[in-house]
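Here is the structure we will look at, set down as structure tokens.
The values are calculated or read from the model by the stated rules, or taken from the named source; none is laboratory data. Given the structure is predicted, the values throughout are model-derived calculations rather than measurements. Here the Cβ positions follow ideal geometry from the backbone for every residue, glycine too, while neighbour counts run over all protein chains shown. Note: accessible area is taken over every heavy atom of the protein model, side chains too, but ligands, DNA and RNA are not part of it. Shrake-Rupley method; radii C 1.70, N 1.55, O 1.52, S 1.80 Å.
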Amino acid sequence: MRLRYLHTSEIAQRRAYRQVEAVRGISFLIQPGEMVGFIGPNGAGKTTTLKMLAGLLYPTAGRAQVMGFTPWERRPDYLRHISMVLGNKSQMVWDIPPLDTFQVLAEIYRVPPAELQHTLDELIPLLEMEDLLTKPVRSFSLGERMKCELVAGLLHQPEVLFLDEPTLGLDVSMQGRLRRFLAEYNRRRGVTVILTSHYMADVTALCPRVILIHHGRLLYDGALNGLAERLAPFKLIQVAWRGSALEPDLPPEAQLIERENGRLTLRVERAEAPAITARLLHTLPVADLSVQAPPVEAVIDRIYQEGEV
């Protein structure tokens with residue numbers, strides 16, 4: 001066997017390049033104080049869009065305005081009014097306590113000492129992180145570090161907050177705490193939030209409106225509930241009854257989709273759900289009955305798979 005080693009110049013000549021449009025033709029308007037979910041599958045262009053809006057990337061075409069500024073001009077007056085927190089990036093210095101990093105960031109953003117202390121007095125109790133302030137960051141869990149990242153991103157009291165996967169890798173309990181914090185902070189300060197997350201629980205808990213992109217193009221912009229109603233025009237009725245184990249006669253409009261432990265799950269058209277529910281309650285010795293919309297995760301997954309709304 002003979003081996004031939006290629007010179008780097010030969011490798012460079014054989015490389016094939018192609019141009020990929022990460023984002024193309026998307027357009028949306030976000031009002032001050034809104035919390036908007038910016039969602040899409042991996043590679044849809046979400047982080048690219050956020051980085052352009054934060055001024056980290058310069059687009060090849062198009063325009064954007066945030067608070068009257070063009071983001072990629074990176075004017076100091078603009079950067080003082082925004083913040084970006086990424087779940088997979090850290091702005092904390094690992095070998096010193098977070099309080100020291102907060103002091104450094106306050107100097108960078110020219111936050112007066114009295115204003116800094118006021119902000120910390122508000123954020124630290126909300127995040128329940130009093131015990132973390134004097135410990136080195138390298139000793140923190142991921143959830144503890146994300147608390148510090150949020151405080152660091154909010155020290156200068158930004159009016160626009162870009163959040164890219166803020167609950168990435170956190171346990172269920174910590175995810176819930178961070179969601180409650182963000183909702184309360186938005187209520188108190190009226191900060192505008194654009195949130196990307198693959199955890200739909202983040203979006204459903206915080207964002208009444210979603211902007212959905214796929215392959216860099218806009219597929220949907222509107223109410224999250226409206227998306228579910230548009231793509232899943234049915235309800236799920238779960239019913240269990242007392243007495244005989246015999247399965248009852250079901251309304252012909254109801255489709256049986258699951259039978260488990262004496263409980264039936266029926267699929268019915270949204271418009272028919274009230275009438276069918278009333279008929280079941282009238283004709284059966286019902287022990288338990290619930291009416292639910294299909295899980296939003298199932299609706300979103302369908303869009304990701306089909307690539308259209």
*Answer label for percent of Cα pairs over 28 Å apart (calculated), chosen among [x] 55; [y] 70; [z] 44*: [x]
*Percent RCO, i.e. relative contact order, over the range 163-309, from Cα pairs under 8 Å lying at least 6 residues apart*: 22
*Of Pro233, His214, Thr134, which is farthest along the charge dipole of the chain in the positive direction, counting Lys and Arg as +1 and Asp and Glu as -1 at C-beta?*
His214
*asked:* Using only DSSP helix segments of four residues or longer, with each worth -39500 (n - 2.57), what per-residue ellipticity at 222 nm results for the chain after dividing by its residue count and rounding to 500?
replied: -11000 deg cm²/dmol
_Given charges at beta-carbon only (K, R positive; D, E negative), |dipole| of the chain in Debye_ = 1060
_Percentage relative contact order, the chain, counting C-alpha pairs under 8 Å, at least six apart_ = 21
*Please give the contour-minus-distance gain from Glu34 to Leu133: 0.36 nm per residue of separation, less the Cα-Cα distance, rounded to one decimal in nm.*
32.6 nm
*Extended-chain gain in nm, criterion 0.36 nm per residue less alpha-carbon gap, Arg263 and Gln305*: 12.1 nm
*Share antiparallel - DSSP beta bridges, the range 160-309, percent rounded to 5*: 85
_Could you work out how much longer the chain between Tyr58 and Asp77 gets when fully extended? Use 0.36 nm per residue separation minus the Cα distance between them, nm to one decimal._
5.0 nm
*asked:* Could you work out what % of the accessible surface of the chain is carbon and sulfur, using a 1.4 angstrom probe and leaving DNA, RNA and ligands out of the count?
replied: 50
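Could you state the accessible area per residue of the chain in Å², with a 1.4 Å probe and every protein chain left in place?
57
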*If you line up the long axis of helix 273-283 against the longest principal axis of the chain, both from Cα atoms, how many degrees apart are they, to the nearest 10?*
40
*With +1 on each Lys and Arg Cβ and -1 on each Asp and Glu Cβ, how big is the dipole of the range 230-300 about its Cα centre, in debye rounded to the nearest 20?*
140
*What share of the DSSP beta bridges in the chain is antiparallel, in percent to the nearest 5?*
60
